[in-house]
Amino acid sequence: MAASLSLRYTGTAIALHWLIALLLLGQFAFGLMLEDIPRGTPARGYYVNLHKSSGILIGLLILLRLGWRLTHKPPPLPETMPRWQRHAARFSHIALYACMLALPLSGYLASNFSRHGIKFFNAVHWLPWGPDDKALYTFFNGAHHLAALLLALLVAVHVLAVAKHILIDHDGLLLRMWPRRSAQASRLPANQPVENQ
Ligand code: HEM
Ligand code: HEM
């Protein structure tokens, strides 16, 4: 295994990566399910507000993750990886973060340019701070839709790239983002250099 591929992300970064990946998957399916609920029915209002509320909590977790990422350097990619692949990895990670931020933000903004606002977990009504503006609502709703589509595409490419590392390169890249308890990961050195922190 190339030397820098034996370096790992911090436990916090790994926990946040997998927790957010799972939550996003569920939230994405929830969003698609909303399309099957007829508009103007009480069920629609109930589930849309649940989607908004869980989305806001996921958004806060994403902010926490971004804060962690900006204050903790990730392990460097190995020099043995072609330059274009290292650039592509960096670019795709930035694009993933951008979509992860754009999704909850666009949903939140759209909700505040509609008279409905947000009923947080159907319990507390947060009145909209913006005007009931159809054009702005449509713009941010469109951005929400686009960000969801882009995120799905980027995650598909991300998973294919990881699969390539596992099946073709056999370089152990997945272990950098895998919880330490796994049999293979526990064979990695216990104390990693500072750049891994
Ligand atoms: C955090 C991650 C989120 C994900 C992955 C997500 C995903 C989705 C998806 C896939 C849809 C269906 C397709 C579409 O119309 O775009 C959707 C619809 C929707 N989302 Fe989200 N969403 C998230 C957060 C939020 C937040 C924070 C809000 C508002 C505060 C929100 C409000 C809405 C609304 C109102 C719809 C229905 C749009 C319509 O049918 O006109 N979402 N979401
Ligand atoms: C919603 C789903 C996912 C999202 C949004 C996501 C997002 C990300 C992001 C933004 C990074 C860069 C981390 C950083 O440098 O801060 C990353 C790294 C990574 N992800 Fe994911 N991920 C998802 C699902 C997955 C899945 C399903 C796998 C496994 C097949 C995976 C494996 C990895 C690995 C191995 C790394 C580390 C890459 C490296 O060492 O440079 N991810 N992910």
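The values are calculated or read from the model by the stated rules, or taken from the named source; none is laboratory data. None of these values were measured; they are calculated from a predicted model. Note that we place each Cβ from the backbone using ideal geometry, even for glycine, and neighbour counts take in every protein chain shown.
Might you let me know whether the range 72-93 holds any residue that is part of a helix (DSSP H, G or I), surrounded by fewer than 17 Cβ atoms within 10 Å (Cβ to Cβ), of a type in the set (Val, Ile, Thr) and on the phi < 0 side of the Ramachandran plot?
Restricting attention to the range 72-93, the residues satisfying the condition of being part of a helix (DSSP H, G or I) are 83-93.
After this cut, where a residue has to be surrounded by fewer than 17 Cβ atoms within 10 Å (Cβ to Cβ) as well, the list is 83-93.
Okay, now just the ones that are also of a type in the set (Val, Ile, Thr), so none.
Checked against the condition, which is being part of a helix (DSSP H, G or I), surrounded by fewer than 17 Cβ atoms within 10 Å (Cβ to Cβ), of a type in the set (Val, Ile, Thr) and on the phi < 0 side of the Ramachandran plot, the range 72-93 yields no hits at all.
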**Study point:** So Leu149, is it modelled with pLDDT of 95 or more, assigned to a helix (DSSP H, G or I) and within 24 Å of Phe91 (Cβ to Cβ)
**Key:** yes
Scanning the range 123-137 for residues that are surrounded by 13 or more Cβ atoms within 10 Å (Cβ to Cβ), within 21 Å of Tyr46 (Cα to Cα) and either within 16 Å of ligand 2 (Cβ to nearest atom) or not charged (D, E, K, R) (or both) gives Trp126, Pro128, Tyr137
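Checking the structure you have, find out if any residue of the range 40-55 is of a type outside the set (Phe, Trp, Tyr), in a loop (DSSP other than H, G, I, E, B) and either within 28 Å of Lys119 (Cβ to Cβ) or modelled with pLDDT of 95 or more (or both). Quick ask: steps written out before the conclusion?
We begin by selecting, within the range 40-55, every residue of a type outside the set (Phe, Trp, Tyr); these are 40-45, 48-55.
From what's left, in a loop (DSSP other than H, G, I, E, B): 40-41.
Next, only the ones that are either within 28 Å of Lys119 (Cβ to Cβ) or modelled with pLDDT of 95 or more (or both) stay: 40-41.
Yes: the range 40-55 contains one or more residues that are of a type outside the set (Phe, Trp, Tyr), in a loop (DSSP other than H, G, I, E, B) and either within 28 Å of Lys119 (Cβ to Cβ) or modelled with pLDDT of 95 or more (or both).
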Only unsatisfied item for Gln184, checking (1) more than 25 Å from the chain's Cα centre (by Cα); (2) under 27 Å from Leu23 (Cβ atoms); (3) away from ligand 1 (no atom under 16 Å from the Cβ); (4) at pLDDT 95 or above, is (4)
Filtering the range 90-131 down to residues that are in contact (Cβ under 8 Å) with a residue 40 or more places away in the chain and away from ligand 1 (no atom under 11 Å from the Cβ) yields Ser92, Ala95, Leu96, Phe121, Asn122
Filter the range 18-55 for residues that are over 29 Å from Leu174 (Cα atoms) and β-branched (Val, Ile, Thr); the one that is nearest to ligand 1 (Cβ to nearest atom) is Val48
